[in-house]
Amino acid sequence: MKTSIATVSVSGDFQEKLTAIANAGFDGIEIFEQDFITFDGAPRDVGRLVADHGLTIDLFQPVRDFEGLDGAARTKAFDRIERKFDLMSELGTDLLLISSSTHAQATGGVDRLADDFNELGARAAKRGLRVGYEARAWGKYVRDHRDAWDIVRHADHASVGLILDSFHTLAAKVDPDTIRDIPGNKIFHVQLSDAPHIDMGLEYLSRHFRNMPGEGDLDIVSFLRAVMATGYAGPLSLEILNDQFRGGSARVIAADGHRSLVKLMDDLRRIEPDLDLDLPAMPAPVDVRGVEFVEFAANEKEAGTLGKMLHTLGFSRSGQHIHKAVSLWTQGDINIVINTEQEGFAHSAYVMHGTCVCDVGLNVADAQAAKARAQALGANLFSQRLGEGELNIPAVRGVGGSVLHLLDKSSNLAQVWDQEFMQMVDKDAKPVGLMRIDHFAETMKHDEMLTWTLFYTSIFNLERTPQVDVADPGGVVHSRAIQSPDGTFRLTMNGVESHRTFAGRFVADSFGSSVQHIAMETDDIFATAKALANNGFESLPMFENYYGELAARADVDADTLAEMQAHNILYDEDEHGAFLQMYSKPYGEGFFFEIVQRVDGYDGYGAVNASARTAALKRLSRPAGMPRT
């Protein structure tokens, strides 16, 4: 099915927009008048430039405040559109969008407005053009597609049709199934956009906070399902008005848009397999069953420091790579790799970021299927030269240039530790009861959060939680969790806008490294805390006042509270159960470890404790303004 995007959705000048849109894989564009008003060339030159990029102009917009006027105002409105028709002929497009009027002098009435569109349709037909009527949710008389369709139906002209926009239907809470009553041949164009649930006026929400399908909270699949039930066969187009996108990367925005459309069509195809969507075959979203490994890049000196820290955490140095300067540290089902190679990807990551998590291995249901789906959705695959005896593990690029390796238990990839590592015995190891990786946290610029949320949720079978804002002494950090339906895989994403926050400083100091902390699960955090203390582990000191507040908000007995305070253990609870957590002191440029215990189905991440944790970490960091060296 043909894909399109409005030029207003993408940042940059007109040439930059077209390049990004074409490279992302779109077939066409909706051209906004402002984009060629400021272009140094005639409309005919614009048309040629679009064609040179392999694109078509599927729609020209916008025209507002046309219908329902009288006298000189009506004459002027028709004259204005005749000029638009002139431009369309030069541009090489045949469809004009007219959105429902908010004009103060406009009058209503179906017959009155239908007469205007009947006359306009006759004028358009003489030029071989068409007009599409779109209901804006804040229109004076026409506010949803049912009203607009009533007018188009009464206009009764072959050159007058309907333009549907998912935002104006779904954000206004109009039942999308009412679209099914509209003949598909009278729907001239379909625009798609998502939006978050925010309590504000629809016009302001529409102009500033729209986002790509799958990035917001609207049921775009139900909308598109109703559209396709009509027999509609025209373009599926994105019209995204978003302040953040206007200042972002044209390449990234266009790529996200195309990915969102492909995912949306794939979602619909799985619900309606008989639909002909002209979409390449791809595997279904792949289940993630946990974190198989976390790999650090380091030099030899810092690897020694990190190894000592892992020892205090109870890890055993249990393997050495058959060819490379790569060691394996294990405890329970947790695999941590330290890579000190002097060439290759890990070394490049170390040069760029310093000691950092450069690679995360995901345990998925089918590694090859995950790779194929990632490729179909435009993800950047990763590979490097293999040594003798090394497995060819599928991988994609992730946040901050990191890598996600994809492993499964049903192929030879399950043999990676036996095949690529020589087993070792670590007599100094003293396990503390850590069982598995509960979650890891990726930190990024706030304007990248939507991109990476879409990345994870389009490739994998993952759910996202609502965004929460975490107060930091230096600002606000925006946080969101992504997790598998059964909770075996969890990832938190933290978006920063200021380098003054603890998370923001991590991004700045590490030059964009992504993973800032790893949380590991135990089934008895008090026993683990005691064992950690015996190993010489230093937990993150917590504020005394935190425990006074905890005594007031939670039903924790005095003895347990005293033990929690002695070990710097934090507490949260939800309707299901409880959550206990403790942290290491910060390591390197702001990285830290977390130990957690989930009790009776608790499903959160201790959000109530985030501000205290951030303040405690920050007081151990170098003062603001002090250079790193």
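Each value in this text was obtained by applying a stated rule to the coordinates, not by laboratory testing. Here the structure is a predicted model, which means the values were calculated and not measured. Positions of Cβ are generated from backbone atoms using ideal geometry, with glycine treated the same way; all protein chains shown enter the neighbour counts.
List the trypsin sites (Lys or Arg not before Pro) in the range 326-398 that DSSP assigns to loop (not H, G, I, E or B) and whose Cβ has at most 11 other Cβ atoms within 10 Å. Which are they? Answer in residue order: R385.
Can you list which of the GluC sites (Glu not before Pro) found in the range 294-370 are DSSP loop residues with at most 11 other C-beta atoms within 10 Å? Listed in order of number, the matching sites are E343.
Label point 7 Å out from D156 along Cα-to-Cβ: which residues of the range 92-120 have amide N under 16 Å? From the range 92-120, the list is 110-120. The dipole here belongs to the chain: it is taken about the Cα centre, uses +1 on the Cβ of Lys and Arg and -1 on the Cβ of Asp and Glu, and is about 1240 debye. Taking 0.36 nm per residue of sequence separation and removing the Cα-Cα distance, the D447/A73 pair yields an extension gain of 130.3 nm. Sparsely packed loop sites in the range 540-629 (the trypsin sites (Lys or Arg not before Pro) outside DSSP H, G, I, E and B with at most 12 other Cβ atoms within 10 Å) comprise R628.
Under a 5 Å amide H cut-off, with hydrogens placed 1.01 Å from N, I240 pairs with A6, S9 among residues at least 5 apart or on other chains. Do any of K308/K618; K530/K618; K301/K445; K324/K445; K2/K186; K126/K186 go past 27 Å between their Cα atoms, and which? From K308/K618; K530/K618; K301/K445; K324/K445; K2/K186; K126/K186, over 27 Å: K301/K445; K324/K445.
In whole angstrom, how far apart do the alpha carbon centroids of the range 71-110 and the range 1-48 sit? Between the Cα centres of the range 71-110 and the range 1-48 lies a distance of 22 Å. Basic side chains Lys and Arg get +1 at the Cβ, acidic Asp and Glu get -1 at the Cβ, and with that the dipole of the range 436-619 about its Cα centre reaches some 740 debye. If you find the alpha carbon centre of the range 524-545 and of the range 444-476, how far apart are they in angstrom? Result: 30 Å between the Cα centres. With a cut-off of 11 Å between beta carbons, the residues surrounding D574 carry a summed charge of -4, where Lys and Arg count +1 and Asp and Glu -1.
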